[in-house]
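S.K.: Please find one structure pasted underneath; my questions will follow.
The values are calculated or read from the model by the stated rules, or taken from the named source; none is laboratory data. This one's a predicted model, so the numbers in the text were calculated from it and none came from an experiment. Here the Cβ positions follow ideal geometry from the backbone for every residue, glycine too, while neighbour counts run over all protein chains shown.
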Amino acid sequence: MAKAAEPAPPEEKTDSPWRSERFANRGRARHATVHALLEAGHSRRSIGRQLQMTHRTVKSLADAVKSEDLFRGQWQHSRTSVLDEYKPYLDECWDEGCTNAWRLWEEIVPLGYRGSYGRVSAYLREKRTSPRPVTAQPPAPRVVTRWILSRPETLTEIEQLRLKAVLANWSERDALTGHVRSFAHMLIERQGERLPQWLDAVRQDDLPSLHTRAAGIDRDRNAVIAGLTLPWNSGVVEGHVNRIKILKRQMFGRAGFDLLRKRVLLAP
């Protein structure tokens, strides 16, 4: 991607993490107080009782080296931007040598970006001027789990790129993703005969949590193979068992067996 002359449309105004001087002074004072008590030998729990702060608040203040770091971190994590989803793409283009904001803005618009050019320009300007590397924030674990459990073809181009960036930083997670998707393929295509090979492949990787799951499956290998092969399952029975348990818990300590029986028989 070649560099081109960059036009200069009006930039968006960005908010400051310091919402007011009063807010800033209060934060600095709380930060200084907590660190003074820590240096005096007080525990975090004791500081929380003395200052009437929650454990999370004390931890945030204690872990921040400077008050500015604390507020900068809060701002970055609490504020979301329409550009966040496309930052991994911008990072990849930046690493390839394309640093032209206008051209990158034109590239992400067809991918679904609905924000302004100013956000893209501001992000790239921060990458140019910041003394520390500026990259996209990693997605939440729940989001990564959803991507891994989804069919690859159902993910958008941006989601595939973000998942690729996550997996590139942790080889073990890449192996885990492969095993999870392989098992999902067995389940959907009813290929239970592949289960022994899948278990052997899992044992060859250093994935203790998945080894535990594999050991549990191996103990019921014949039943699992049957479940992954035959068209029948116990889903309907399990559904009725779950319904009965809910009715029983709703009546716990307030009714006997006769009423429970009537509710089970009459409930939809």
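S.K.: Tell me the residue from ALA201, ALA168 that is at pLDDT 90 or above and either closer than 30 Å to GLN137 by Cα or among the small types (Gly, Ala, Ser) (or both), please.
M.R.: Numbers: ALA168 fails: at pLDDT 90 or above.
Just a single option satisfies the conditions, and that option is ALA201.
S.K.: Considering the stretch 214-229 alone, what residues qualify as being without any contact (Cβ under 8 Å) to a residue 24 or more places away in the chain and either touching a helix residue (DSSP H, G or I) at 6+ places or on another chain (Cβ under 7 Å) or not assigned by TED's automatic domain parsing to the domain that holds ARG190 (or both)? Let's see the steps before the verdict.
M.R.: Of all residues in the stretch 214-229, those without any contact (Cβ under 8 Å) to a residue 24 or more places away in the chain come to 214-220, 222-223.
Within the stretch 214-229, ALA214, ILE217, ASP218 meet the criteria.
S.K.: When you scan the stretch 175-187, do you find a residue that is within 30 Å of CYS93 (Cα to Cα) and free of Cβ contacts under 8 Å to residues at least 24 places away in the same chain, even just one?
M.R.: Yes, the stretch 175-187 contains a residue that is within 30 Å of CYS93 (Cα to Cα) and free of Cβ contacts under 8 Å to residues at least 24 places away in the same chain.
S.K.: Of all helices (runs of 4 or more DSSP H) completely enclosed by the stretch 1-78, which ones contain at least 1 residues that are modelled with pLDDT of 80 or more?
M.R.: Numbers: elements: 21-39, 44-51, 55-63, 67-78.
Correct list: 21-39, 44-51, 55-63.
S.K.: What is the residue count in the stretch 94-113 for residues that are at pLDDT below 85 and of a type in the set (Asp, Glu)?
M.R.: So the answer is 2.
S.K.: Continuing with this model, one more query. Scan the stretch 150-165 residue by residue and report those that are over 19 Å from SER182 (Cβ atoms) and either of a type in the set (Gly, Ala, Ser) or touching a helix residue (DSSP H, G or I) at 6+ places or on another chain (Cβ under 8 Å) (or both). Explain how you work it out, then say what you get.
M.R.: Of all residues in the stretch 150-165, those over 19 Å from SER182 (Cβ atoms) come to 156-159, 161-162, 165.
Passing the criteria: ILE158, GLU159, LEU161, ARG162, ALA165.
S.K.: Need pairs with beta-carbon distance below 8 Å; first residue assigned by TED's automatic domain parsing to the domain that holds LEU51 and over 14 Å from LYS66 (Cα atoms) and within the stretch 25-41, second small (Gly, Ala, Ser) and in a helix (DSSP H, G or I); sequence gap 6+ or separate chains.
M.R.: Here the result reads LEU37/SER46; LEU38/ALA62, each pair linking the stretch 25-41 to a residue that is small (Gly, Ala, Ser) and in a helix (DSSP H, G or I).
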